[in-house]
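Q: Sharing a structure here in structure tokens format.
The values are calculated or read from the model by the stated rules, or taken from the named source; none is laboratory data. Please read all numbers here as calculations on a predicted model, not as lab measurements. Virtual Cβ from ideal backbone geometry, glycine too; neighbours counted across all protein chains shown. Quick note on the areas: whole protein, heavy atoms, side chains included, nothing else; ligands and nucleic acids left out. Shrake-Rupley method; radii C 1.70, N 1.55, O 1.52, S 1.80 Å.
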Amino acid sequence: MPDNLKMDLHELFVNIPEALIVIAPDYTVLEVTNKYLTLVLRTREQLIGKNLLEAFPDSPDDSNSKNTSLLRESINKTFREKKTIYFEPLRYDIVRPESEGGGYETRYWEASHTPILNAAGEVKYLIRRTSNVTQRELAKLAHLETENKFKFMTDAVPQLIHTADTQGNVTYVNQRWLNYTGLSAEELLGTGWRNLFHPDDLAAVQKKMDAALPPNEEFQAEVRIRNKEGNYRWHLTKSLPLVNLSGDVKVRVGSNTDIHDTKILVQELLATNEQMAQLSDQVQLAYQKAEAERATLERLIMRAPGLFCILKGSELRFELINPAYQNLYPGRELLHKMVAEALPEIGEQGYLQVLNTVYQTGQDYVAEEVPFTLNRLPGQEPEQIYFNFTYQAIFDAAGHVTGILGFGYDVTPQVIFKRKLKDLGYEVTSPITPPH
């Protein structure tokens, strides 16, 4: 065969469209493919003859040094066991050339180490095959962060929150479900929730589900749900479809709001005096209106009718507000402003001190039927409204308070009707005294 037709094996190797690097037992780099050089932002001169681990310095945030021992162990295992070892995804940041601005570039890698044996069966060198899986791993981390935020937000609200598939099988329950029922999540998923619904209510709920699920419509029902003490309490159950970007429905989101006290109150009024029937209807309608205004998790948090905000840092800046909260203050810019700056009336009425106490102590503040004087628009007379609300500290991974989650809803109609009932001689619970 003519010399010019003979295969240049070295040229063939370096042009293989795979990220390959050949390493000696002492970690010396013997050869690399051009594809490998492209991935690791190095030249052949910077790697050939160099120690593999020394050729890639640790990043300032120590993300490399923590994983160097894992890489070394994988290479040593290949030399020791003389078989191909597959390496799980690992973060190892790469230095960018000065021509590209320098610094470190976040990278995640998958790799395999394949030993090449000599005639005596000893490992002469190994071939490391590398794949850049950074985008995939970052997408996984982003998805995990989204799931954690969703769980935190659903655990923070006072309702029993769940998600279900389009057949009505429950796929997720928040922590309040577990606290209320005393059961594990596994016992509630699928159709396990049916064991907690009162038998007399289950048929009616099933009928509404059968009518709403196929066309992906919203439905609601009043049902009794058994708690961990074995007692049934009335709840307003709502379920609505969550439409994705393609217009399809894969998940339904549901909430269960405790209405037991109101329900019993209405029933007692109706049983005691027929003349109270009209007032009872008004109480029920007022309650339903309040529930509609604060229906939790409609289209998730940002479409919830309840008042929802997140305050960040010790300055208590508005990081997130939902439309229902913003509607209390039409025309005001709240987002990214400090509470004291955006809502001076909160400080005047003592609630700024409450927020500071929650931030400093990390202890929740829960209030019911608290009066609040609200100035909606300049020039208008102030009006007094009543709220049920919760201030809950937000902690970071180290257990430090980083902000406050605020959730509440307007209960002015309920307070008004309780006063009417008191005027008629019925005993009612007094509202909580506002902070001073």
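Q: How large is the convex hull of the C-alpha atoms of the range 150-253 per residue, in Å³? If you can, show how the numbers build up before the last one.
A: Values: hull volume 9.9 nm³, N = 104.
Convex hull volume per residue, Cα atoms: 95 Å³.
Q: Could you please put Ser69, Ser184, Ser99, Ser74 in sequence from largest to smallest accessible area, using a 1.4 Å probe? Don't skip to the end; give the middle numbers.
A: Numbers: Ser69 75, Ser184 45, Ser99 115, Ser74 10 Å².
Descending order: Ser99, Ser69, Ser184, Ser74.
Q: Using 7 Å Cα-to-Cβ label points, what is the Gln167/Glu186 separation (nm, one decimal)?
A: That separation, rounded to one decimal, is 2.1 nm.
Q: Round to the nearest 10 and give me the degree value, 0 to 90, for the angle of helix 65-81's Cα axis relative to the longest principal axis of the chain.
A: It is inclined by approximately 50 degrees.
Q: Still on this structure, I have one more. Quick one: putting +1 on the C-beta of Lys and Arg, -1 on the C-beta of Asp and Glu, what dipole do you get for the range 304-383 around its Cα centre, in Debye to the nearest 20?
A: Working: 5 positive and 11 negative charges, 60 e Å.
Rounded to the nearest 20 debye, it is 300 debye.
Q: If the convex hull of the alpha-carbon atoms of the range 171-213 is projected onto planes in all directions, what is the mean projected area in square nanometres?
A: On the way: hull surface 13.3 nm².
Spelled out: convex hull of the Cα atoms, projected over all directions, averaged, 3.3 nm².
Q: Right, something else. Quick check: the angle from helix 277-293's long axis to the longest principal axis of the chain, C-alpha only, nearest 10 degrees?
A: For 277-293 against the chain, the angle is about 20 degrees.
Q: I'd like the carbon and sulfur percentage of the solvent accessible area for the chain, probe radius 1.4 Å, heavy atoms only, ligands and nucleic acids excluded.
A: Values: 12530 of 23850 Å².
The nonpolar share, carbon plus sulfur, comes to 53 percent.
Q: If R₀ is 51 angstrom, what is the calculated FRET efficiency for the pair Asn76 and Ile385, using the beta carbon separation as r and rounding to 0.05? Let's see the in-between values first.
A: Numbers: r = 69 Å, r/R0 = 1.36.
It comes out at approximately 0.15.
Q: For the chain, with every protein chain kept in place, what is the accessible area per residue (1.4 Å probe, Å²)?
A: Details: 23850 Å² over 436 residues.
That works out to 55 Å² for each residue.
Q: With angles folded into 0 to 90 degrees, how steeply does helix 134-156 sit against the dominant principal axis of the chain? Use alpha carbons for both and round to 10.
A: So the inclination is approximately 20 degrees.
Q: Using the C-alpha atoms of the range 294-395, what convex hull volume per residue, in cubic angstrom, is computed?
A: Working: hull volume 10.6 nm³, N = 102.
About 104 Å³ per residue, rounded to a whole number.
Q: Evaluate 2.2 N^0.38 Å with N set to the residue count of the chain, then give the Cα radius of gyration divided by it. Provide the component values of the computation, followed by the final result.
A: Working: Rg = 31.7 Å, N = 436, 2.2 N^0.38 = 22.2 Å.
Here the Cα radius of gyration is 1.43 times the empirical estimate.
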